[in-house]
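Peer 1: This structure is in structure tokens; I'll ask about it shortly.
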Amino acid sequence: MIYRQSMTEHAPGDDARLPQRRNIVTEIPGPASRELFARRERTVARGVSHVLPVFVTDAGGGVIVDADGNSLIDFGSGIAVVSVGNAAPRVTARVAEQAARFTHTCFMVTPYEGYVEVCEELGRRTPGTYDKRSALFNSGAEAVENAVKIARHATGRQAVVAFDHAYHGRTNLTMALTAKNMPYKDKFGPFAGEVYRMPMAYPLRWPGGREAAATEALPTVKSLIHTQVGEDNVAAVIIEPIQGEGGFVVPPDGFLPGLAEFCAEHGIVFIADEIQTGFCRTGDWFACEHEGVVPDMVTTAKGIAGGLPLAGVTGRAEIMDSVHAGGLGGTYGGNPVACAAALGAIETMAAEDLAGRARRIGEIMLPRLDGLAEKYPVIADVRGRGAMLAIELTRPGTLEPDPATTTAVAKACHRAGLVTLTCGTFGNVIRFLPPLVIGEDLLEEGLSILEDAFAAI
Ligand SMILES: Cc1ncc(COP(=O)(O)O)c(C=O)c1O
């Protein structure tokens, strides 16, 4: 029997329904979560694993409440999804209203306004003032698959260029685009062809260091594309403006604009994968805006719909509309309830200036992370933008990754009631993705827990 120590009485849409405080009443995970985990082990495939096996009963604002009544601080947002907060009032209200009217017709059978409204918002909000079209899907990977399909169709070319440390999903084509073998690709091949991987402008790890990354990375990539692929064979270059799963790698200024310019010169579709960075996370609506980069196509998901599954591909009208009628779609893509959620989430971001909140989160977090780095030489780098921040851990004075300390710190945070995530090609990055609506006291408390975790190792 699963019990809940602190049943919260609340009406959907009431954002004051959950006390915004950490409250740990059992060990983490507690007995109720462990009991559920035992059931999970008997029924759920092992390949689907967990960062922190506490079973959630409620979540809102900056807290997650588990089956034992523990209230944890959320620095993960369900991997950059609930930027507007969990069960955000405008999202739940629109979802409830839409779900009570109709839940599905299939946009390809009989359309509805919500889908069109989301595409209008995407057209308005994504970088670039050119004429745009969008198509909606269910997941980030599906959006990336479709972006590549469309780019190939529009250009009549096949090659796709992706980068070291990239993450674009877990379907066959997106596994091919994703760089890291374990756990994403190992023994899941063969993978889709015509994918070419280029070195990433990774300031900490570029041979020769940060300055060299800024001056050498772009010419190196251009030269490799020229010699190994041939510009005229390339349908698309796809890149995350700040890499997500690969370690929150922020390329040096000039790299993305230079890449976009190179693509424009050669008729290559420049795809910005803003699935993790988009929708206010980095302090702008889209991370590309930071340097005024205008992609030909943008993929979106995660933050777009406050937790409901929705993804989009938005691009130049002439590229998007090169595809014949019936060439794009899917049964559930742009589901009306997910579209209602997206409209509620986008409304929240605009009304509450969540891009500004992301910048404010960065202003609070960065000095404390820098302070940690000064104190603990195991932290080799502090990076990110807005509310997408990370620290990379190495053996002091070297670039040798330290995944063991990374895991130890993350686990200490978990035990103290702070949900943190790790990432990075070498598993040595702790990333911070708090909901953009998190209270500043919770944010500060979460950082104190992180500091305690470092002090304890
Ligand atoms: C940049 C990026 N692209 C694509 C994906 C895949 O999205 P999904 O998990 O919704 O398929 C992710 C997910 O983490 C991502 O961060």
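The values are calculated or read from the model by the stated rules, or taken from the named source; none is laboratory data. Predicted model only: the values in this text are computed from it and were never measured. Every residue, glycine among them, receives a Cβ derived from its backbone with ideal geometry; neighbour counts consider all protein chains shown. For accessibility, only protein heavy atoms count, side chains too; no ligands or nucleic acids. Shrake-Rupley method; radii C 1.70, N 1.55, O 1.52, S 1.80 Å.
Peer 1: With every protein chain left in place, what is the accessible area per residue of segment 345-406 in square angstrom, probe 1.4 Å? Mind showing how you got there, number by number?
Peer 2: On the way: 2520 Å² over 62 residues.
Value for segment 345-406: 41 Å² per residue.
Peer 1: Going by the alpha-carbon gyration tensor, a ≥ b ≥ c the square roots of its eigenvalues, is segment 314-457 rounded (a/c under 1.5) or, if a/c is not under 1.5, prolate (a/b greater than b/c) versus oblate?
Peer 2: Numbers: a/c = 2.51, a/b = 1.81, b/c = 1.38.
Cα axes put segment 314-457 in the prolate bin.
Peer 1: Where does the chain land at 222 nm, in deg cm²/dmol rounded to the nearest 500, when only DSSP H runs of n ≥ 4 count, each adding -39500 (n - 2.57), divided by all residues? List each step's numbers first, then the result.
Peer 2: Details: 13 runs with 163 residues, N = 457.
Only helices count here, giving -11000 deg cm²/dmol.
Peer 1: Follow-up. Starting from the 7 Å offset along Cα-to-Cβ, what nm value, one decimal, do you get for the label separation of Phe188 and Ile79?
Peer 2: With each label placed 7 Å out from Cα toward Cβ, I get 1.0 nm.
Peer 1: According to a simple spin-label model (label point 7 Å from Cα along Cα-to-Cβ), what is the distance in nm between Ala38 and Ala100?
Peer 2: Going from the Ala100 label point to the Ala38 one covers 4.1 nm.
Peer 1: May I ask you to compute the full-extension gain from Thr398 to Glu291, defined as 0.36 nm times their residue separation minus their alpha-carbon distance, rounded to one decimal in nm? Walk me through the numbers on the way to the answer.
Peer 2: On the way: separation 107, 0.36 × 107 = 38.52 nm, distance 3.09 nm.
My answer for the length gained is 35.4 nm.
Peer 1: Let me cross-check Asp441: its accessible surface, 1.4 Å probe, with only protein heavy atoms counted, in Å² to the nearest 10?
Peer 2: 110
Peer 1: Which percent of the accessible heavy-atom area of segment 299-457 goes to carbon and sulfur, probe 1.4 angstrom?
Peer 2: Numbers: 2940 of 5460 Å².
Taking all protein chains in place, segment 299-457 shows 54 percent carbon and sulfur surface.
Peer 1: Can you tell me the accessible area per residue over segment 8-127, all protein chains present, probe 1.4 angstrom, in square angstrom? Don't skip to the answer; put the middle values down first.
Peer 2: On the way: 6140 Å² over 120 residues.
Accessible area per residue, segment 8-127: 51 Å².
Peer 1: While we're looking at this one, here's another question. For Thr110 and Ser49, what does the FRET efficiency come to when R0 = 56 Å and r is the distance between their Cβ atoms, rounded to the nearest 0.05? Write out the running numbers ahead of the final one.
Peer 2: Numbers: r = 39 Å, r/R0 = 0.70.
Result of the calculation: an efficiency of 0.90.
Peer 1: Also, I was wondering about something else. Is segment 373-446 best put as rounded, prolate or oblate by its Cα gyration tensor, with a ≥ b ≥ c the root eigenvalues, rounded for a/c under 1.5, and otherwise prolate when a/b is larger than b/c, oblate when not? Please report the intermediate quantities before stating the final value.
Peer 2: On the way: a/c = 1.94, a/b = 1.62, b/c = 1.20.
Here segment 373-446 falls in the prolate category.
Peer 1: Pull up the cross-link candidates among the lysines for Lys180, meaning alpha carbon to alpha carbon under 27 Å and not fewer than 8 places away within one chain.
Peer 2: Lys149, Lys222, Lys302, Lys411
Peer 1: Over segment 82-127, what percent of the accessible surface lies on carbon and sulfur atoms, probe 1.4 Å?
Peer 2: Values: 1320 of 2370 Å².
On segment 82-127, the fraction of accessible area on carbon and sulfur atoms equals 56 percent.
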